[in-house]
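Each reported figure results from applying straightforward, stated rules to the coordinates on display, with no laboratory input. Since the structure is predicted, the reported quantities are computational estimates derived from the model, not experimental observations. Every residue, glycine among them, receives a Cβ derived from its backbone with ideal geometry; neighbour counts consider all protein chains shown.
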Amino acid sequence: MSGNLAWWIEIPVALLLVLSGLFALAAGVGVVRFKTFFQRMHPPALAYSFAAWCVTLASIVYFSAQDDKLALRSWLIIIFLALTVPVTTILLARTELFRRRTAGGGGGDEVPPPLNHESAAPVPADEAR
């Protein structure tokens, strides 16, 4: 099967790539339309990840059919994305939350209190024992 691929391989690959573009477009529209930082974080984290899954699956199907053997090197892309996207999203959210807490609330949005009780109110030395 070297050279031209069969149409039944090219059609799913093309559909996966078009679906990937639609996910990326939806994420871009979400980033533009949403107003707050936390709302704008959601589309890239999910939709771009779905777009990357589609491209990865398309490359696995294409190169597996082209080489006549299972090509799983593309899985490295999605493994790294699956590990880094949630961590990056959490770090960005925590940074923005810290910025809003230190700025005094940040534009009228309700900022939840910190989880640790140390920063809530200092305890007098007499009561600490």
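Each of Phe80, Phe23, Phe38 was scored by other Cβ atoms within 10 Å of its Cβ. Arranged with the fewest first, they read Phe80, Phe38, Phe23. Taking a point 7 Å from the Cα of Val31 along the Cα-to-Cβ direction, the residues of region 50-74 with backbone N closer than 17 Å to it are 50-53.
Taking other C-beta atoms within 10 angstrom as a stand-in for reagent exposure, Arg73, Arg100 fall in the order Arg73, Arg100, fewest first. Note on region 7-102: dipole from Cβ charges, positive end direction compared against Val87, Leu19, Tyr48; the farthest Cα belongs to Val87.
Order these by the 10 Å Cβ neighbour count, fewest first: Phe50, Phe98. In increasing order of surrounding Cβ atoms, one gets Phe98, Phe50. The dipole here belongs to region 7-102: it is taken about the Cα centre, uses +1 on the Cβ of Lys and Arg and -1 on the Cβ of Asp and Glu, and is about 780 debye.
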